[in-house]
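Please treat every number below as a calculation from the coordinates, not as lab data. Note that the structure is a prediction, hence the values are computed from the model and not measured. So basically every Cβ, Gly included, is an ideal-geometry build from the backbone, and we count neighbours across all protein chains shown.
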Amino acid sequence: MQQPACVVKFADVGKACTDGDDCAGDCMAPSTGGFAPEGKTVSGMCAVNDDPCGCKQTVEDGKATAAICID
């Protein structure tokens, strides 16, 4: 939205997770090799920070969500 914002780094970065409830931020799907198909069972890692920009895919209830890109 073209507004200045602070980006907060999370203490649990890199921790294994299967849902956002496991992390201070989002549980992120692995980004190597492209995005997983939506609904595929995956394990993720806790996000580095809360920066909303970029392309990402989260993990909820052990399954990959739809990937999204935000400028």
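Here the range 18-41 is the region considered, the condition is being in contact with a strand residue (DSSP E or B) (Cβ under 9 Å, 6 or more places away or on another chain) and either outside any loop (DSSP other than H, G, I, E, B) or among the polar types (S, T, N, Q) (or both), and the residue that is surrounded by the fewest Cβ atoms within 10 Å (Cβ to Cβ) is ASP21. If the condition is being over 23 Å from VAL7 (Cβ atoms) and part of a loop (DSSP other than H, G, I, E, B), then the range 52-71 contributes ASP61, GLY62, ALA66.
Residues in the range 42-51 that are in a strand (DSSP E or B) and either of a type in the set (A, V, I, L, M, F, W, C) or surrounded by 15 or more Cβ atoms within 10 Å (Cβ to Cβ) (or both): GLY44, MET45, CYS46.
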